[in-house]
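Each remark here refers to the structure printed beneath this line.
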Amino acid sequence: MEFPARRTAVVTGVGAPRGIGRVVARRLAADGWSLGLVDISADGVAEITRELTDAGVEVSGAVTDISSPESVAAAFERFDADLPPVVGLVNLAGIADPTPLMDLTVEGWNRTMAVNATGSLLMIQAAARRMIDLGVGRIVNTSSITAVDGGGTFSKTSYAAAKAAVLGLTRGAARELGPHGITANAILPGPIDTDIMGGTLTDERKAGMAAGIPVGRVGTPADIAAMVAFLLSQDAGFVNGVSYQVDGGKHIN
Ligand SMILES: NC(=O)c1ccc[n+]([C@@H]2O[C@H](COP(=O)([O-])OP(=O)(O)OC[C@H]3O[C@@H](n4cnc5c(N)ncnc54)[C@H](O)[C@@H]3O)[C@@H](O)[C@H]2O)c1
């Protein structure tokens, strides 16, 4: 099914000034998408919404907790009213958790699962309801290389488990939504220089991390945006249920 001429991509996790979400939103705007922007940070949503509006992009921002069904429903009601049909969904909002396994509490575990895994599910359900009516859609979920290697300094077991859940969620969505013309794929970023890694990385820390990466550098949000842009494109309609490591070759299987 052809994309409608005017179409919206909903992107979560656009609040952090140095995060991946904003760079993805800018890239998709350049590719002709209208944008529904989601984040729990009110200031963050306002800032990027203003920036893109000023740049002439058709955009609507919704302050949303993606782990809350009511909050997600309200966001999509706003996008229904403000924007062209939702054809794309990019689940980028997430939280890290560096708690060691033996110190994990049920509360902490549940929060990490709620945002990273349940939040992605709720966003998919709301978006796919619209996409099914259109007969076409593209979904990109964000797992992490941590789902494969079990974690490191900035995130450990609960995050690894939640990001592994995102892979199963993606595969299930790919099977169940594929018949409706909707694809679902996952990206597993390696180390990307954003504040999720505890703040701005020093040059020394970056050099240490780069030493373990064949291409010799840590990743940038633009590296992730390029992959997202392809997976959201009309041309990617036969790519479904795939997990892409975007990590400079850090984890070659
Ligand atoms: N940066 C990396 O090295 C890296 C590596 C692997 C995976 N990832 C994943 O990529 C995604 C983006 O990472 P980033 O580095 O840009 O992170 P970031 O911390 O810079 O941004 C995450 C955004 O998610 C938002 N958010 C958190 N909880 C939310 C909630 N309940 N509802 C709505 N929004 C919420 C935050 O406000 C923030 O704006 C995340 O899912 C992360 O786990 C990042």
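Using only the alpha-carbon atoms, how far is helix 221-231 inclined from the longest principal axis of the chain? Give it as 0 to 90 degrees, nearest 10. Approximately 40 degrees, to the nearest ten. For a modelled paramagnetic label at ILE252, 7 Å from Cα along Cα-to-Cβ, the residues of segment 174-217 in reach, with backbone nitrogen under 19 Å, are 188-191, 209-217. In this simple spin-label approximation, MET1 and SER68 carry label points 7 Å from Cα along the Cα→Cβ vector, and these lie 3.1 nm apart. To test your reading of the geometry: what angle, between 0 and 90 degrees and rounded to tens, separates the Cα axis of helix 20-30 from the longest principal axis of the chain? The angle comes out at about 40 degrees.
The distance from the alpha carbon centre of segment 16-62 to that of segment 64-97 is 13 Å, rounded to a whole number. Using Cβ point charges alone (K and R +1, D and E -1), the dipole size of the chain about the Cα centre works out to roughly 520 debye.
Normalising the average separation of contacting C-alpha pairs (under 8 angstrom, six or more residues apart) by the number of residues puts the relative contact order of the chain at 20 percent.
Compared with the direct C-alpha span, the chain from ARG175 to ASP195 gains 3.8 nm at full extension, assuming 0.36 nm per residue. For the pair segment 197-253 / segment 108-137, the C-alpha centres are spaced 23 Å from each other. With K and R counted +1 and D and E -1, the other residues having a Cβ less than 13 Å from that of GLU47 yield a net charge of 0. A Cβ-based charge dipole, computed about the Cα centre of segment 142-253 with Lys and Arg at +1 and Asp and Glu at -1, lands at about 260 debye.
For the chain, a Gaussian network of Cα nodes joined below 10 Å ranks ASP193, ASP80, ASP235 by mean-square fluctuation, and the top entry is ASP235.
Taking other C-beta atoms within 10 Å as the exposure proxy, SER155, SER144, SER68, SER60 rank SER68, SER60, SER155, SER144 from fewest upward. With contacts taken as Cα pairs under 8 Å and at least 6 residues apart, segment 35-135 reaches a relative contact order of 28 percent. Taking the Cα centre of segment 8-244 as the origin and placing charges on Cβ (Lys, Arg +1; Asp, Glu -1), which of TRP33, GLY94, ALA160 is farthest toward the positive end of the dipole? Of the options given, the answer is ALA160.
You can think of it this way: the chain between GLU204 and ARG18 has 65.0 nm of extra reach, that is 0.36 nm per residue less the Cα-Cα gap.
Note on THR53 and ILE132: the extension gain reaches 25.6 nm, defined as 0.36 nm multiplied by sequence separation minus the Cα-Cα distance.
Every number in this text was worked out from the coordinates using simple rules, so none of it is lab data. Note that the structure is predicted; figures quoted are calculated from it, not measured. Here Cβ is always computed from backbone atoms with ideal geometry, including for glycine, and neighbour counts include all displayed protein chains.
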